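The structure appears right after this line, and notes come after that.
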Amino acid sequence: MAVPVDEQSVKRLAYIRMLYEQGVAQAKQPMPMGASSLLSLHDAVEMFLVLASDALNIPGDQRTNFLDYWKKLKAVDLSHSLGMRRLNDARNGLKHAGAMPSTEAVAQALTDTYAFFDDNVPRVFDVALWSVDTSYVIPQPKAREWTRKASNRFEAGQGGAALALLQIALKEVLSNERWPFGSALNQHSIGGFERRKLVGSFSRAFGRSSSNDVSDATRGLKALDETVTGLQEAMRWMVLGGNLHHYARFQTLVPQGIFWGHSHDEAAIEAYLDGNERLATRTPTREEFEFCRQFVVTTALRQADINAHVVRPSWETARMDGEAPEA
């Protein structure tokens with residue numbers, strides 16, 4: 001008999017789904033990198049088995065092996081034990097014996113894991129894993145809310161609007177972006193907006209001049225601004241530990257330059273989404289939407305980890321707060 005799903009279980013299911021989708025993404029990489037998908041898929045299944053035991057009040061211990069759960073969880077009659085045995089054997093062969101799986105073995109693991117979750121999550125919680133929104137694991141409240149709204153829009157058949165909201169969610173995640181304190185990037189980097197002001201000031205100061213040298217210098221400054229912006233963009237994803245090609249695909253899928261000036265006016269954004277014909281023509285597949293949503297989730301988690309470590313030293317914070325004398 002299925003048990004009610006509480007908020008804590010939803011959060012854990014969201015994390016389990018995130019691990020599963022991470023495994024799916026890893027499987028698309030060329031071998032041998034794609035082999036790591038076995039580890040993520042196995043972790044996702046094992047975390048669900050533990051969650052199911054907790055939800056059904058079935059005691060466990062450290063001696064419980066992966067395949068023992070099919071005996072322990074007889075109350076819900078877990079299925080797909082044969083497929084999970086294949087996954088377990090492949091994972092153990094990779095992790096403990098260094099046996100590299102074949103492309104066919106990875107593809108089989110994806111099929112088996114999808115079937116396991118599709119059949120067994122409703123047996124335990126009476127909800128589908130695919131209905132659980134992974135945005136639950138986003139630490140930043142505003143970004144989490146925008147991502148939830150994006151999920152609702154997508155399920156309502158408004159894929160273009162959903163992608164636009166994911167773009168806002170990503171901008172919210174990066175709105176408090178900080179380079180590591182004490183690094184040269186932190187001390188000397190100038191934001192794109194400030195650089196453009198410098199270019200604009202130069203153009204206004206010498207704009208009436210007919211000198212070709214001045215025109216060439218202005219164009220050179222603009223080219224420099226574009227180059228530095230591109231380098232900073234690449235550095236951002238290196239610092240985040242992300243993949244630049246994933247970011248490039250995200251930016252290809254989501255709409256650009258629509259209403260970002262009103263990104264803090266939620267009512268204006270909702271109204272814009274409802275009446276925008278351009279967004280209505282953008283019809284992403286579920287895979288494309290899931291990729292973009294997972295990109296936001298992963299970036300949010302990485303950004304939160306960075307923010308926890310790039311804080312100023314305690315004496316610097318005290319000085320800025322007026323609690324300590326100037327050095």
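Screening the candidates ARG249, ARG278, ARG282 for the property of being at pLDDT 80 or above, assigned to a loop (DSSP other than H, G, I, E, B) and not hydroxyl-bearing (Ser, Thr, Tyr) yields one hit, ARG282.
In the range 124-137, what residues are open to solvent by less than 60 Å² (accessible area, probe 1.4 Å) and either acidic (Asp, Glu) or at pLDDT 90 or above (or both)? Those that are open to solvent by less than 60 Å² (accessible area, probe 1.4 Å) and either acidic (Asp, Glu) or at pLDDT 90 or above (or both): VAL124, PHE125, ASP133.
In this structure, VAL121 does not qualify as of a type in the set (Val, Ile, Thr), more than 16 Å from the chain's Cα centre (by Cα) and modelled with pLDDT under 90. Checking ARG63 against (1) charged (D, E, K, R); (2) closer than 30 Å to LYS28 by Cβ; (3) in a loop (DSSP other than H, G, I, E, B), only one condition comes out false. Which one? Condition not satisfied by ARG63: (2). Among (1) of a type outside the set (Lys, Arg); (2) touching a helix residue (DSSP H, G or I) at 6+ places or on another chain (Cβ under 6 Å); (3) open to solvent by less than 30 Å² (accessible area, probe 1.4 Å), where does LEU13 come up short? Against the list (1) of a type outside the set (Lys, Arg); (2) touching a helix residue (DSSP H, G or I) at 6+ places or on another chain (Cβ under 6 Å); (3) open to solvent by less than 30 Å² (accessible area, probe 1.4 Å), LEU13 comes up short only on (2). Does ASP61 count as surrounded by fewer than 16 Cβ atoms within 10 Å (Cβ to Cβ) and at pLDDT below 90? Here the answer is yes, as ASP61 does meet what is asked. The single condition among (1) without any contact (Cβ under 8 Å) to a residue 40 or more places away in the chain; (2) part of a loop (DSSP other than H, G, I, E, B); (3) open to solvent by 50 Å² or more (accessible area, probe 1.4 Å) that MET31 does not satisfy is (1).
Taken together, the criteria exclude HIS96 from residues that are at positive phi and open to solvent by 50 Å² or more (accessible area, probe 1.4 Å). Summed over the range 74-93, the residues that are within 32 Å of the chain's Cα centre (by Cα) and open to solvent by less than 30 Å² (accessible area, probe 1.4 Å) give a count of 8. LYS149 - would you say it is at pLDDT 90 or above, closer than 17 Å to LEU19 by Cβ and among the basic types (Lys, Arg)? When the stated conditions are applied, LYS149 does not pass them. Remark: pairs (first residue in the range 1-24, farther than 14 Å from SER37 by Cα; second residue open to solvent by 40 Å² or more (accessible area, probe 1.4 Å) and modelled with pLDDT under 90; Cβ separation under 7 Å; 6+ apart in sequence or on different chains) = ALA2/ASP126; VAL5/VAL127; VAL10/TYR136; LYS11/TYR136; ALA14/TYR136.
Among the conditions (1) among the polar types (S, T, N, Q); (2) modelled with pLDDT under 95; (3) surrounded by fewer than 14 Cβ atoms within 10 Å (Cβ to Cβ), the only one that GLN140 does not satisfy is (3).
For the condition at pLDDT below 95, in contact with an Asp or Glu (Cβ under 8 Å, 6 or more places away or on another chain), within 20 Å of ARG293 (Cβ to Cβ) and assigned to a helix (DSSP H, G or I), LEU13 does not qualify.
The values are calculated or read from the model by the stated rules, or taken from the named source; none is laboratory data. Given the structure is predicted, the values throughout are model-derived calculations rather than measurements. All Cβ positions, even for glycine, are placed from backbone atoms using ideal geometry, and neighbour counts span all protein chains on display. Ligands, DNA and RNA are stripped out before the accessible areas are found, and what is left, the full protein with its side chains, is counted by its heavy atoms. Shrake-Rupley method; radii C 1.70, N 1.55, O 1.52, S 1.80 Å.
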